[in-house]
Amino acid sequence: MLLQNPEISGTQYQQGTLAGYEAREYLLEKWDRRCAYCDRPGAGPGGVPLNIDHIVPRARGGSSRVSNLTLSCVPCNRAKGARDVREFVTDAARLTRILDRARAPLKDAAAVNSTRPALRRMLEATGLPVESASGGRTKWNRHRNRVPKSHVLDALCAGTVEAAGSWPARNLVATSTGRGSYARTRSDAYGFPRLRLTRVKRHYGFITGDLVRAIVPAGAKAGCYTGRVAVRASGSFNITTSSGTVQGISHRHVRLIQRADGWRYHKQEEAAHAA
C-alpha cells in the first residue's frame, strides 16, 4: 500500500531519498531487472543503465503509481518519449505482456507481506526488542555508508544504521549439509539403482562428513589434505578440500579434527572498504 499510495505516510516521506530506493527496488524485482521494451539486462554481460519509465506518460494523464511504472533502457526511453505504450510497442504479444505484468503484484512480496505482521507479533511476544525494515532501506544504508555489496554486509546495513565505518576482514560461514540419507542405493542419471550402500556408517573410526586432516608421506598423492571425508569399507577414503576432491587416501594417514555435525564451516574473505 505504501508503494501504491505514497501519501499514506505523508509527503515528507514521499519526497525523501529512501522513497526512491523503495520504489526502484520493487520495480527491479517486478521487471526482472530488464528493459520492458527490448529485454536488455540492467546488470551482468551486456548490461545497460535502466531508467524508470511511465507506461502511460504523465503528459497523457498517467500517474506515478508503481502500476504505471516500468524499466526502460536509455535508447528505448528516448525513442518512446511522451508516447503511450500502445503507440510505441507494435508487437502485440509484448504489449500484452507489459500491460499484464504492470497490473500484477509481486507474488513473493505479497506472500512476505502477509506473513510479516504475524512474525513480528510472535517476536514481540518474547519481550525482546524488535525492529523491522525493508530491503530498500538496507540498500540506502549501504550506499550512504559506502559499504560494498555482500550477503554479510547487507545484514550490517539492515534496519536503522547511523554509521558503518568498518567490518571484519574474514567471516566464518556455516552451511547446512545434513546428516546423510536413509537411502540404501545410489541411482544413475535415469533413476535406476547403480550400487548399494552398507548399513554400517562407521569405518576405521570415521564416518562420512567428519572433518579430517590427512598427511600422505610419499607416493603420487603425497601432501597434506584437510577437508570432509567420505569413508569406504575398503579403507580407501575420499577427502573433499577447498580445492577439490582427493580420492584414494588410506585411512592410516587420516586424523580426526571434528566429528560430523551436519554443518560445513569455512572462512570467507570479506570485501574491503569501499573507496
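Only one entry of Gly44, Gly61, Gly20 meets the criterion of being more than 28 Å from Lys149 (Cα to Cα), at pLDDT below 90 and of a type in the set (Gly, Ala, Ser), and that entry is Gly61.
Working only within the range 100-130, note down all residues that are among the basic types (Lys, Arg) and modelled with pLDDT under 70.
The one that is among the basic types (Lys, Arg) and modelled with pLDDT under 70: Lys107.
Closer than 30 Å to His151 by Cα, in contact (Cβ under 8 Å) with a residue 12 or more places away in the chain and either surrounded by 11 or more Cβ atoms within 10 Å (Cβ to Cβ) or among the hydroxyl-bearing types (Ser, Thr, Tyr) (or both), is that true of Ile249? No; evaluated as a whole, the condition is false for this residue.
Looking at Thr185, Thr208, Thr138, just one residue is buried (at least 16 other Cβ atoms within 10 Å of the Cβ) and more than 23 Å from Arg264 (Cβ to Cβ), and that residue is Thr138.
The residues of the range 55-75 that are outside any strand (DSSP E or B), of a type in the set (A, V, I, L, M, F, W, C) and under 23 Å from Ala43 (Cα atoms), listed by number, are Ile55, Val66, Val74.
For the range 111-130, indicate whether the set of residues that are under 24 Å from the mean Cα position of the chain (by Cα) and touching a residue at least 24 places away in the same chain (Cβ under 8 Å) is non-empty. No. Checked against the criteria, Thr96 counts as of a type in the set (Ser, Thr, Tyr) and exposed (fewer than 15 other Cβ atoms within 10 Å of the Cβ).
Within the range 186-212, the residues that satisfy the criterion of being modelled with pLDDT of 85 or more and among the polar types (S, T, N, Q) are Ser187, Thr208. Within the range 149-171, identify whether any single residue is part of a strand (DSSP E or B) and either in contact (Cβ under 8 Å) with a residue 12 or more places away in the chain or outside the structural domain of Glu25 (by TED's automatic domain parsing) (or both), and answer yes or no. Yes: one or more hits. Out of Gly244, Gly178, which single residue is under 30 Å from the mean Cα position of the chain (by Cα), at pLDDT 90 or above and exposed (fewer than 12 other Cβ atoms within 10 Å of the Cβ)? Only one candidate passes the filter, namely Gly244. I'm trying to understand the selection: among the residues of the range 25-60, which are closer than 22 Å to Thr90 by Cα and either in contact with a Lys or Arg (Cβ under 6 Å, 6 or more places away or on another chain) or not assigned by TED's automatic domain parsing to the domain that holds Arg101 (or both)? Answer for the range 25-60, where residues must be closer than 22 Å to Thr90 by Cα and either in contact with a Lys or Arg (Cβ under 6 Å, 6 or more places away or on another chain) or not assigned by TED's automatic domain parsing to the domain that holds Arg101 (or both): just Pro41. Against the test of being assigned to a strand (DSSP E or B) and either touching a residue at least 40 places away in the same chain (Cβ under 8 Å) or out of contact with any Phe, Trp or Tyr (no Cβ under 6 Å at 6 or more places or on another chain) (or both), the options Ala189, Ala174 yield a single qualifying residue, Ala174. Go through the range 58-104 residue by residue and tally those that are in contact with an Asp or Glu (Cβ under 7 Å, 6 or more places away or on another chain) and free of Cβ contacts under 8 Å to residues at least 40 places away in the same chain. Residues flagged as in contact with an Asp or Glu (Cβ under 7 Å, 6 or more places away or on another chain) and free of Cβ contacts under 8 Å to residues at least 40 places away in the same chain within the range 58-104 amount to 3. Scanning the range 224-274 for residues that are under 17 Å from Thr175 (Cα atoms) and aromatic (Phe, Trp, Tyr) gives Trp263, Tyr265.
The values are calculated or read from the model by the stated rules, or taken from the named source; none is laboratory data. The structure presented is a predicted model; accordingly, all values stated were derived computationally and were not measured. Note: ideal-geometry Cβ built from the backbone for every residue, glycine included; neighbour counts use all protein chains shown.
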